[in-house]
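The values are calculated or read from the model by the stated rules, or taken from the named source; none is laboratory data. What you are looking at is a predicted structure, and each value in this text was computed from that prediction instead of being measured. With ideal geometry, Cβ positions are generated from the backbone for all residues, glycine too; neighbour counts draw on all protein chains shown. Side chains are part of the model used for accessible areas, which takes the heavy atoms of the whole protein and leaves out ligands, DNA and RNA. Shrake-Rupley method; radii C 1.70, N 1.55, O 1.52, S 1.80 Å.
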Amino acid sequence: MKNTICDKNKCTACGACLNICPKKCVYYKKDGVGHLYPVIDESKCIHCHACEKVCQVIHPLELEKPKTAYVGWHQDVEEYKSSTSGGAATAFAQKIISEGGVVYGCAWGKDLDVEHVRIDTLHDIYRLKGSKYVQSKISNNILTQVKRDLKSDLKVLFIGTPCQIAGLKSFLRKDYDNLFLADLICHGVPPVSLLKKHVKRIAGTLKNVQVSFRDEKGMSLKIIRAGHVIYNKHLWLERYQDSYYNSFIDGYIYRDSCFTCRYASSNRISDVTIGDFWGLGDDFKIKHDYGCSCILPITNKGLQLVREAHLDIYERSVEEAVRGNSQLRSPFARNRRINLFRFLIVFSGFRLAYFITNFDYLWTVFRCKMKIGTRIKKMLGR
């Protein structure tokens, strides 16, 4: 049993090979970090090479430049406030479902599983909301279900990372007028298994536990159990306090393919790209208290979706959007710290690997806190 589909360092786990296999002999297996990789059970394989034919690594798809750029947010104030970056994805989903269509996107499951699901009611859109800084699993039937919906003439919106969009396009092998593709500006994907271990260490269990990566103050990891916040570390105020969030930000736990991602570019794979609009120019004076979406329509279909959704949008230049977001220019660069962490985690586990890799940073933070504590004591006369 081995991965014989493509170069492991470039595999994105897009799910195309799992879904296309007529004998269902392709399945996922974890590597030393926890990432999922497709493995072929050769005892069942009939050597049809269907998995190779739909592999986006072996057969790269063409990318296109954005037609323009918009900054925007949901017109409904409550929807806007409850979204993490303007609510563009929610507006797209509402439009498609209100027209009798279905939406596929990333959702939390039981015990913090994260996978792509199908929703067909406005009530269920909440399941797709919120940032999830882990890789969503594409199961061995989800792309097949998308194809069935398309052939049934349903409007379908599929939201995912660029490589997941590419996987779906490769699997379908043709364009559909009733298919709308929205990709996220992706910085890299960690495995959900590491998040689960991190949360379980803090909360003691995964049952009745929720995780939030963003709040009104920005990037903050919250662990919520039975409706009560039991853990809250703000990334920018407490930079090295949470090992998982910092490992994500510093790229330690991304897939190998993330460091050479061909989709981390201004050229895109979907109908519309969405994310945070970082680096918005000072000339933009319109009030936006709860963040804003960067919206890059790539195709005419994507442009129509943007203009017809319930969004307040304002045209900006593509150059401004690209300038403010590094992942629209190049993939995250692999460095010595990342290499050290990847080597250590296989032998020592996540926490020790993180501590050793960041020892100099953590020591500096500790010394600063000690100095501050001493000064406060002096001020209080103790």
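Quick notes on this structure:
- In region 158-184, the residues that are free of Cβ contacts under 8 Å to residues at least 24 places away in the same chain and either in a strand (DSSP E or B) or in contact with a strand residue (DSSP E or B) (Cβ under 8 Å, 6 or more places away or on another chain) (or both): none
- Pairs, first within 21 Å of residue 182 (Cβ to Cβ) and modelled with pLDDT of 90 or more in region 268-296, second assigned to a loop (DSSP other than H, G, I, E, B) and of a type in the set (Asp, Glu), C-beta under 9 Å, six or more apart: 269/62
- Residue within region 253-276 that is surrounded by 22 or more Cβ atoms within 10 Å (Cβ to Cβ) and of a type in the set (Phe, Trp, Tyr) present: yes
- Any hit, region 146-157, residues being without any contact (Cβ under 8 Å) to a residue 40 or more places away in the chain and in contact with a Cys (Cβ under 8 Å, 6 or more places away or on another chain): no
- Failed item in (1) over 28 Å from residue 268 (Cα atoms); (2) modelled with pLDDT of 95 or more; (3) open to solvent by less than 50 Å² (accessible area, probe 1.4 Å), with residue 167 passing the rest: (1)
- Residue 155 fulfils the conditions (1) more than 21 Å from residue 97 (Cβ to Cβ); (2) open to solvent by 50 Å² or more (accessible area, probe 1.4 Å); (3) in contact with a helix residue (DSSP H, G or I) (Cβ under 6 Å, 6 or more places away or on another chain) except for a single criterion, (1).
- Lone qualifier among 162, 191 - being surrounded by 20 or more Cβ atoms within 10 Å (Cβ to Cβ), in contact with a His (Cβ under 8 Å, 6 or more places away or on another chain) and at pLDDT 95 or above: 191
- Those helices (runs of 4 or more DSSP H) lying entirely in region 1-90 with at least 3 residues surrounded by 16 or more Cβ atoms within 10 Å (Cβ to Cβ) and not polar (S, T, N, Q): 16-20
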